Amino acid sequence: MLQPLLVSRDQTSLRQRATDTLRAALLNGMFAPGQKLSERELCESLGVSRSCVRESLQHLQAEGLIVVIPHKGPEVATITPKEVRDIYAVRAQLEGLAAKGFTKNAQPAQIESLRSKLKELALPDIAQDKTQLLNAKNEFYNILIEGCGNTVVGLMLRQLNNRVTLLRRISLSQPGRLPNTLNELDDVVTAIEKGDGETAARLCIEHVEKASHNVLRSLSMQVEMD
């Protein structure tokens, strides 16, 4: 039986709030990859109708967070090693472009915000709470996207964000990864502060490539354990 995920009934539409609540549960790791999703249990957990749950599932299917298996129903999406490589290959190039554009176009206040958010990532309260850590890292990249001056890059990165967040959860769960992540991002921000867009782009790409290797290694270890 699922723990309650009750949705408040003020503000936006009930379906949108149900979708947002279920999306957050998926991104926070409440459901395991490949886990079957019961519409009845989701109705009870969310406190909404079956039609509302079905609309939410359709929306999350379009985002790549769930898949619907013929004759079996919905289940949490499992990202294969090939998909990991594909996602990170695209992400690396897009974030490289974002870093280069940010260096050229960002206002001083945006650069200060980027540095401030990086410092926040290192705070013990955040570093020890995976949900807060992932939220803070998403905010770091939101600052980068908003200041890069390229709306297409921003749109494409945001389209990838849900699956990237799932993969970040895997990557950051590995011992020693967070300190390395902070050092890598510090180098990126330092290059931006120096106005060196080419170096910032290269370092961003290298950071994503290292994260990709870490996720693939984690998935390989999990397969061996299974």
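The table below gives the values:
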{"quantity": "Cβ-Cβ under 8 Å pairs, at least 6 apart or on other chains, the stretch 46-63 side under 17 Å from Gln159 (Cβ atoms), far side surrounded by 14 or more Cβ atoms within 10 Å (Cβ to Cβ) and hydroxyl-bearing (Ser, Thr, Tyr)", "calculated": "His59/Thr19; Leu60/Thr19"}
{"quantity": "Tally, over the stretch 155-209, of residues that are closer than 20 Å to Gly29 by Cα and part of a helix (DSSP H, G or I)", "calculated": "17"}
{"quantity": "The stretch 26-56 - residue that is in contact with a Pro (Cβ under 8 Å, 6 or more places away or on another chain) and either aliphatic (A, V, I, L, M) or closer than 11 Å to Ala77 by Cα (or both) and, of those, surrounded by the fewest Cβ atoms within 10 Å (Cβ to Cβ)", "calculated": "Lys36"}
{"quantity": "Tally of residues being open to solvent by 50 Å² or more (accessible area, probe 1.4 Å), within 24 Å of Thr199 (Cβ to Cβ) and either in contact with a strand residue (DSSP E or B) (Cβ under 7 Å, 6 or more places away or on another chain) or in a helix (DSSP H, G or I) (or both) across the stretch 114-137", "calculated": "3"}
{"quantity": "Count of residues meeting criterion [in contact (Cβ under 8 Å) with a residue 24 or more places away in the chain and either part of a helix (DSSP H, G or I) or under 21 Å from Leu219 (Cβ atoms) (or both)] in the stretch 64-82", "calculated": "9"}
{"quantity": "Matching residues, the stretch 26-42, being in a helix (DSSP H, G or I), touching a residue at least 12 places away in the same chain (Cβ under 8 Å) and farther than 13 Å from Arg169 by Cβ", "calculated": "Glu39, Glu41, Leu42"}
{"quantity": "The listed residue being among the aliphatic types (A, V, I, L, M), exposed (fewer than 14 other Cβ atoms within 10 Å of the Cβ) and within 27 Å of Ile170 (Cα to Cα), out of Ile87, Ile69", "calculated": "Ile69"}
{"quantity": "Extreme residue, farthest from the chain's Cα centre (by Cα), among residues of the stretch 130-167 that are closer than 20 Å to Thr80 by Cα and β-branched (Val, Ile, Thr)", "calculated": "Val164"}
{"quantity": "Residue that is most open to solvent (accessible area, probe 1.4 Å), among those in the stretch 138-170 that are within 15 Å of Thr181 (Cβ to Cβ) and free of Cβ contacts under 8 Å to residues at least 40 places away in the same chain", "calculated": "Glu139"}
{"quantity": "Within the stretch 11-20, tally of residues that are outside any loop (DSSP other than H, G, I, E, B) and open to solvent by 40 Å² or more (accessible area, probe 1.4 Å)", "calculated": "4"}
{"quantity": "So Lys130, is it modelled with pLDDT under 95 and within 18 Å of Leu203 (Cα to Cα)", "calculated": "no"}
{"quantity": "Test result for Glu83, closer than 20 Å to Asn162 by Cα, within 19 Å of the chain's Cα centre (by Cα) and modelled with pLDDT of 95 or more", "calculated": "no"}
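The values are calculated or read from the model by the stated rules, or taken from the named source; none is laboratory data. Predicted, not measured: the structure shown is a model, and the values here were computed from it. With ideal geometry, Cβ positions are generated from the backbone for all residues, glycine too; neighbour counts draw on all protein chains shown. Heavy atoms of the whole protein, side chains included, go into the accessibility calculation; ligands, DNA and RNA do not. Shrake-Rupley method; radii C 1.70, N 1.55, O 1.52, S 1.80 Å.
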